[in-house]
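Remarks on the structure that follows.
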Amino acid sequence: SYGLPVFPIFRLFFCERANLCSLFSGCSFVKEQIKEYADDKEPCVLNHGDVTQFTYKGDCYTILDDTMKNENLGEWIGYIRQLIAVDNTGAIIVQENIEDATFHALSDLAEKALDAKYIIPFLNVYTDPNNASNLIVDVNGEYHKATLSNQLTGTETIFDFRIAAEKASSDFKLSPTNATQIICDNKVYQVTTETVSKEQLGNYMDILAEKVIFDDDTKLPLTKEEMNQIDWPGSSSEQMRESWFYVDVYEISDTDPADAVAVKVNNQYHIARAQ
C-alpha cells in the first residue's frame, strides 16, 4: 500500500494507511476541539468536485494559498467540520464528520477511500477583518484566505494541497528515554514549566497528538505491561506516575525555533528549550 499523506487537524504529516489512527491518541483530542463549536454558526459545504472551493450562505468561495496568523482572525461565523479524502485532482471521494473522528473512524475512512491520495481536515470559517468580501478557513492547520469565486482575477494563487503534501514536516517526536523532552532533527528540546499564551504563538510547526504516562522520577515512559500492573492505594508507583497529553508545536513570537518552541501539553502551551 502507498503512504497516505494526512493533513491532521493542525498540520499535515505522513503515515502508512495502517497507522492512520495515530493521528489521535483518543477521542478526547477531538472532543477538546469540538467544544469550541456552537450551534449558531453557519454550516459550510465543500465543492464535491474541487476541495479548494466551499459555499457559505449560498456563495461560492475559493481557498487561496495566502495565510494569516490566528491573532488576526475576524469573527468566527461558520464551520465545515469534516475530514475529507480526496484524489489527486482534489475531487472528494469520501468525507467523515470530524466529531466522529476516532481511531476506528479514521481507519474506516482510509479503507472507504482506497483511491484517496490525501485526507484533509477543515474546521472553522472566519471573517477577514482586512477585507469584508473575503473569508478565512482553517485548513491544514493554517488559516487560509478565501475569496468569492466569481471575483477571482486570475492573479491569485489557489491553495494546492498536492504541493503542501510534498513539504517536509518539522517531524517532532517524543524522546523514547525522557517523556518530558521532544526531538526534532536530532535536537533535543526540554519541556519547561514556563507557558505562553495563544497570542504569543508564531507559525505552526507540527503535531504530536500523543499521550504518554511516565515515571516521574526517571522520566521513562511506562510500557503497557507496567501500566497494566495493579496500583495499590497509596503505593509509591502510583504517586510517581505522570500523564501528559502532547498536542501541537508552534514557533514562539520573536524567538528562534532553534532555541525554543511552544508545545501544547495538558491544554497549556509550554516552552520547550533546546538543550
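The values are calculated or read from the model by the stated rules, or taken from the named source; none is laboratory data. Since the structure is predicted, the reported quantities are computational estimates derived from the model, not experimental observations. So basically every Cβ, Gly included, is an ideal-geometry build from the backbone, and we count neighbours across all protein chains shown.
Are there any pairs, at least 6 apart or on different chains, whose C-beta atoms fall under 7 Å, with the first in the stretch 251-275 and at positive phi and the second not in a loop (DSSP other than H, G, I, E, B), and if so, which?
As it stands, the answer is N266/W244; N266/F245, since those pairs meet every condition given.
Take the stretch 146-156 and flag every residue that is in a strand (DSSP E or B) and small (G, A, S).
Residue satisfying the conditions is A146 alone.
Give me a count of the residues in the stretch 179-190 that are farther than 14 Å from A258 by Cα and out of contact with any Pro (no Cβ under 9 Å at 6 or more places or on another chain).
Within the stretch 179-190, residues that are farther than 14 Å from A258 by Cα and out of contact with any Pro (no Cβ under 9 Å at 6 or more places or on another chain) number 2.
For the stretch 57-99, list the strands (runs of 3 or more DSSP E) that sit wholly inside it and hold at least 2 residues that are surrounded by 20 or more Cβ atoms within 10 Å (Cβ to Cβ) and free of Cβ contacts under 8 Å to residues at least 40 places away in the same chain; which are they?
So the answer is 76-86.
For E210, are the conditions met, namely being surrounded by 13 or more Cβ atoms within 10 Å (Cβ to Cβ) and modelled with pLDDT under 80?
Numbers: surrounded by 13 or more Cβ atoms within 10 Å (Cβ to Cβ): yes; modelled with pLDDT under 80: yes.
Here the answer is yes, as E210 does meet what is asked.
Could you list all residues from the stretch 121-145 that are in contact with an Asp or Glu (Cβ under 9 Å, 6 or more places away or on another chain), within 15 Å of D59 (Cβ to Cβ) and not in a strand (DSSP E or B)?
N134
For the stretch 123-134, how many residues are within 15 Å of V45 (Cβ to Cβ) and either in contact with a helix residue (DSSP H, G or I) (Cβ under 8 Å, 6 or more places away or on another chain) or not assigned by TED's automatic domain parsing to the domain that holds A85 (or both)? Spell out the reasoning first.
As a first pass, look at the stretch 123-134 and keep what is within 15 Å of V45 (Cβ to Cβ): 123-125.
Add one more test, that the residue is either in contact with a helix residue (DSSP H, G or I) (Cβ under 8 Å, 6 or more places away or on another chain) or not assigned by TED's automatic domain parsing to the domain that holds A85 (or both), and what stays is 123.
Residues meeting the conditions: 1.
Quick one: in the stretch 32-90, which of the residues that are among the hydroxyl-bearing types (S, T, Y) and touching a Phe, Trp or Tyr at 6+ places or on another chain (Cβ under 9 Å) is modelled with the lowest pLDDT?
Y37
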